[in-house]
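Everything on this sheet refers to the single structure shown next.
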Amino acid sequence: MSNFAVTAVVASALFSGIAVAQQVKPTIVLVHGAFADSSSWNGVIAQLQQDGYKAVAVANPLRSVSSDARLVSDVVEGIEGPVVLVGHSYGGQVISNAANGHDNVKSLVYVAAFAPDAGEAAADLAGKFPGGTLGEALAPPVKLSGGGVDLYIDQAKFHEQFAHDVPAEAATLMAVGQRPITEAALTEKSGDPAWKSLPSYFVYGDGDKNIPAKALGFMADRAGSKRTVVVEGASHVVMVSKPEVVADLIEEAAK
């Protein structure tokens, strides 16, 4: 084989390898927050899959920041290739901790989510700015046999508090199926956040009643958000009411 032919074969192999590498898309790992469940990502997942992305919606236990972050970390550990971590609400604090130590996590997306600094808790940030009404919408705490309490949103107040821009029928089902969070999880201090070393993206509604828009904007600015999308009038579950907006930002982060 001539030198020219050898060179041609090597070049062909190299370019084929580059083409394959360019086709590898990150896996999108979605972490829901308090009073929601994995089905809250359904609209987002539909677009991601249509656009060729693999998605994993983690069933976040909502027991404690440390244990929930370990679970998400374990999920990331088992994924080959690049990962984009996406967190909603309390799930933002979880991904901020879970991403640490994983070189394959390429970016973080915060969806109406907490992005605490080290030593901050979700409850601290929720009360940092006026406008949140979650406390007034909670049902009586459920005492746990092992100690502590679980928190739920009162079903009668769920639609207006949590999902005012979602059709009433859908919000009623969400209220019944909501996942509770322990009070301890909301008051647990965060570790060193991954947003200090990874590119972060933020999307939220300015009609959010769980986390005031000013608090969400503060956290986005502090994290040096690469792109912040504010959806006019959207509720705390912007991924349910505006899944296409959230999916578009996730795909931007993935690229």
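The values are calculated or read from the model by the stated rules, or taken from the named source; none is laboratory data. Keep in mind the model is a prediction, meaning the values are calculated, not measured. Every residue, glycine among them, receives a Cβ derived from its backbone with ideal geometry; neighbour counts consider all protein chains shown. Calculation scope for accessible area: heavy atoms of the full protein, side chains included, ligands and nucleic acids excluded. Shrake-Rupley method; radii C 1.70, N 1.55, O 1.52, S 1.80 Å.
Probe of 1.4 angstrom, ligands and nucleic acids ignored: what's the accessible area per residue over region 124-216, in square angstrom?
Per-residue value: 50 Å².
Rounded, prolate or oblate: which one fits the chain, using the alpha carbon gyration tensor with axes a ≥ b ≥ c (rounded when a/c is under 1.5, else prolate when a/b beats b/c, else oblate)?
It comes out prolate by the Cα gyration axes.
What nm value, rounded to one decimal, do you get for the distance between Phe218 and Thr187 when each label is placed 7 Å out toward the C-beta?
The answer from the label model is 2.0 nm.
Per the 1.4 Å probe, what fraction of the accessible area of the chain, in percent, lies on carbon and sulfur atoms?
C and S fraction of accessible area: 55 percent.
Less than 23 Å apart at the alpha-carbon level, and either on another chain or at least 8 residues along: which lysines does that give for Lys106?
In chain and number order, the partners are Lys25, Lys54, Lys196, Lys226, Lys255.
Would you mind counting up the charge near Lys157? Only other residues with Cβ under 11 Å from its Cβ, with Lys and Arg at +1 and Asp and Glu at -1.
Taking every other residue near Lys157 into account, the sum is -2.
Got the relative contact order for the chain handy, in percent, Cα pairs under 8 Å and 6 or more residues apart?
23
With every protein chain present, what accessible area does Leu151 have (1.4 Å probe, heavy atoms only), rounded to the nearest 10 Å²?
Near enough 20 Å² of accessible area.
Is there a quick way to get the dipole size of region 163-241? I mean about its Cα centre, with the Cβ of Lys and Arg at +1 and of Asp and Glu at -1; what is the value in debye to the nearest 20?
320
Give me the net charge of Asp192's neighbourhood, meaning all other residues with Cβ under 12 Å from the Cβ of Asp192; Lys, Arg count +1, Asp, Glu -1.
0
Please state the shape class of region 53-151: rounded when a/c is under 1.5, otherwise prolate if a/b exceeds b/c and oblate if not, all from the C-alpha gyration tensor.
Verdict is prolate for region 53-151.
From the square roots a ≥ b ≥ c of the eigenvalues of the alpha-carbon gyration tensor of region 136-177, which class results: rounded (a/c under 1.5), prolate (a/b over b/c), or oblate?
Prolate, because a/c is 1.5 or more and a/b exceeds b/c.
What helices does the chain hold that run 20 Å or longer along their axis, going by alpha-carbon atoms, with a Kyte-Doolittle average of -0.5 or more, using DSSP H for the helix calls?
3-23
Placing +1 on the Cβ of each Lys and Arg and -1 on the Cβ of each Asp and Glu in the chain, which of Pro130, Ala99, Ile45 has its Cα farthest towards the positive end of the resulting dipole?
Farthest towards the positive pole: Ala99.
Take the Cα gyration tensor of region 115-203, multiply each eigenvalue by 5, square-root it, and list the three semi-axes largest first, rounded to whole angstrom.
Ellipsoid semi-axes (Å, largest first): 26, 19, 12.
With a 1.4 Å probe and all protein chains in place, put Thr133, Thr182 in order of accessible area, largest first.
Order by accessible area, largest first: Thr133, Thr182.
At a Cα cut-off below 19 Å, give the aspartates and glutamates reachable from Lys128, other chains included and same-chain residues fewer than 8 away excluded.
Asp117, Glu120, Glu136, Glu183, Glu188, Asp206, Asp208, Asp221
Looking only at GluC sites (Glu not before Pro) in DSSP loops with at most 14 other Cβ atoms within 10 Å, what is the longest site-free stretch of the chain?
The longest uninterrupted stretch comes out as 81-231.
Given points 7 Å out from each Cα along the Cα-Cβ axis, report the Glu80 to Asn104 separation in nanometres with one decimal.
Placing both labels 7 Å beyond Cα along the Cβ direction yields 0.9 nm.
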